[in-house]
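Heads up: the structure comes next, in structure tokens.
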Amino acid sequence: MDISIGRPKSVRRSSDSYYPYTDRVTLGHRRSSRCAGHIIMMKPGAFLLLLAAAVPAFSTENTPTPKRQSLETITDMYLFSLPLPQFTAKRDARDPAALDWTSDNCTLSPDNPLGFPFVPACRRHDFGYRNYRRQNRFTVAAKRRIDDKLLAEFCTPPPLDATQTLILP
């Protein structure tokens, strides 16, 4: 890197100029600029190299970078934390595509007994079973937790809008 520091004689003093820090001198292919009372002269390529070396030092050290969530974390969040309508939206979008979204709905049970829509809960249940198996996390405790989530969703009546009537025996 070709850097020389000093005061060349061809540069006007800052007191000679109306704007004190606008002194610029071009010496062939070199550029110089006023910096803290001295003139720093270097080739343009050397300046870019110096700048590139300084950028990582001033990068975002203290700003948190978002960490990519693992598929296990996403599976748990979708299975146990998301409300059923939001899970259904994620399922319809296949977001993320790396998860297993296949389902046979409610297998041998009716899909809509007495007006209760079981299909979304069954799809989430299948999502839990299939992804826990793919992630090698399907244990007795995990199965129980997934089944308990299904049972809780079966026992929660769906929200009714003004045009629906729920018939109970």
Worksheet item: Looking at (1) of a type outside the set (Val, Ile, Thr); (2) modelled with pLDDT of 85 or more; (3) open to solvent by 70 Å² or more (accessible area, probe 1.4 Å); (4) farther than 22 Å from Arg68 by Cα, which is the only condition Asp147 fails?
Response: (3)
Worksheet, complete the sentence: Of Ala141, Ala121, Ala89, the only residue that is touching an Asp or Glu at 6+ places or on another chain (Cβ under 6 Å), part of a helix (DSSP H, G or I) and either aliphatic (A, V, I, L, M) or modelled with pLDDT under 80 (or both) is Ala121
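The values are calculated or read from the model by the stated rules, or taken from the named source; none is laboratory data. Because the structure is predicted, anything quoted here is derived from the model rather than measured. Counting neighbours? That spans all protein chains shown, and the Cβs are built from the backbone with ideal geometry, glycine included. Side chains included, ligands, DNA and RNA excluded: accessible areas come from the protein's heavy atoms. Shrake-Rupley method; radii C 1.70, N 1.55, O 1.52, S 1.80 Å.
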